[in-house]
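For reference, the structure is listed below as structure tokens.
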Amino acid sequence: MERDCKNCINFRKAVMIGCGFVGSASVFSLMQSGLFSEIVMIDADFARAEGEALDISHGVPFAKPMKIYAGTYDDIEGASVIIITAGANQKPGETRLDLVHKNIEIFKSIIPEIKKRKFDGILLIVSNPVDILTTVALKLSGYPENRVIGSGTVLDTARLKYAIGQHLNVDSRSVHAFIIGEHGDSEIAAWSSANISGVPLSKFCEMRGHFNHDEATDEIGETVKNSAYEIISRKKATYYGIAMSVKRICEAIVRDEKSILPISAMMHGEYGIEDVALSMPVIIGKNGAENHIPLQLSADETKKLQDSANILKNILKENDI
């Protein structure tokens, strides 16, 4: 799939807005993937974008032929995906929601610039708080809801699968489980639907000699929720895991995979939740978000999901969004 001539979309072209740790690591991951033949890097600091583009380009001889360069908003036309990682960084002791005021203002300068250009692709929000900023980007852009998505809890879900795999000494790729809700402190591990290759989690745990289910799931859930804080306290930022998550989402879009990923997308009545972007399993393809996938949740998990949505809605209300 090279180009959708009807909509003038070049599926081999991507744009990265924001060339800090997350943006640059994501472009490096995308360079290695061979998904794109052209990647534009845009940053308020043009010299930074130039430096990162040059550095990453020097790895192209070990990957696939492609053009990676620093550009401006005029270079976004025709791209299949615009990835936004621009924004203030989360500092030690800060929650993702603490970033909301700074990053909403940054988005108020970025989104209008995108709207001025011809762009019919997918807008992928990665900046935090990602669920809030996905809603902000949707409202500021006026694009169809399927075309504005956030990276959501794709990374949190990967962390959950990794932790379960370590706990059970099993390949994490055989773990089927989701983190849902806010990408942040109110996120929920959907234990009710978790399984290992179709075997219910509790049954598989007992097969592996683990019987303290509540204690183990509580510990794993807390470990996953606090992962970013642990990393930030040690190295000041997280970027490799989210870079791989960005690559995975882009794969699903460019290859029209119809993969199910827990991305941030607008809710319309699912689980009694309305008018807020929340991280839930969604079918992803070349047109972005297609359908929410219903999970089997317990009453307690559903209540926690609704509480998570209300936290986000209150933040949006406080910021007149």
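The values are calculated or read from the model by the stated rules, or taken from the named source; none is laboratory data. From a predicted model like this one, the values you see are computed outputs, not experimental measurements. All Cβ positions, glycine included, derive from the backbone under ideal geometry; neighbour counts span all protein chains shown.
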Candidate set: the stretch 24-49, residues that are under 10 Å from Ile68 (Cβ atoms) and hydrophobic (A, V, I, L, M, F, W, C); chosen: the one surrounded by the most Cβ atoms within 10 Å (Cβ to Cβ): Val27
Flag for Val136 being of a type outside the set (Ser, Thr, Tyr), in contact (Cβ under 8 Å) with a residue 12 or more places away in the chain and either outside the structural domain of Leu295 (by TED's automatic domain parsing) or buried (at least 19 other Cβ atoms within 10 Å of the Cβ) (or both): yes
Within the stretch 270-293, considering residues that are outside any strand (DSSP E or B) and aliphatic (A, V, I, L, M), the one nearest to Leu138 (Cα to Cα): Ile273
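Being closer than 26 Å to Ser227 by Cα and either in contact with a Phe, Trp or Tyr (Cβ under 9 Å, 6 or more places away or on another chain) or part of a loop (DSSP other than H, G, I, E, B) (or both) is true for just one of Asn103, Asn128. Which residue is that? Lay out the reasoning, then the answer.
Numbers: Asn103 fails: either in contact with a Phe, Trp or Tyr (Cβ under 9 Å, 6 or more places away or on another chain) or part of a loop (DSSP other than H, G, I, E, B) (or both).
Just one listed residue meets the conditions, Asn128.
Table: residues versus (1) more than 17 Å from Val154 (Cα to Cα); (2) in contact (Cβ under 8 Å) with a residue 12 or more places away in the chain; (3) touching a Pro at 6+ places or on another chain (Cβ under 8 Å); (4) surrounded by fewer than 20 Cβ atoms within 10 Å (Cβ to Cβ).
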| residue | (1), (2), (3), (4) |
| --- | --- |
| Met244 | no, yes, no, yes |
| Ile260 | no, yes, yes, yes |
| Glu274 | yes, no, no, yes |
| Pro294 | no, yes, no, yes |
| Leu305 | no, yes, no, no |
| Asn310 | yes, no, no, yes |
Residue selected from the stretch 294-319 under the condition farther than 21 Å from Gly221 by Cβ and not in a helix (DSSP H, G or I), by the criterion modelled with the lowest pLDDT: Asn319
Answer residue from the stretch 38-97, given it is of a type in the set (S, T, N, Q) and in a loop (DSSP other than H, G, I, E, B) and is nearest to Lys115 (Cα to Cα) among those: Thr72
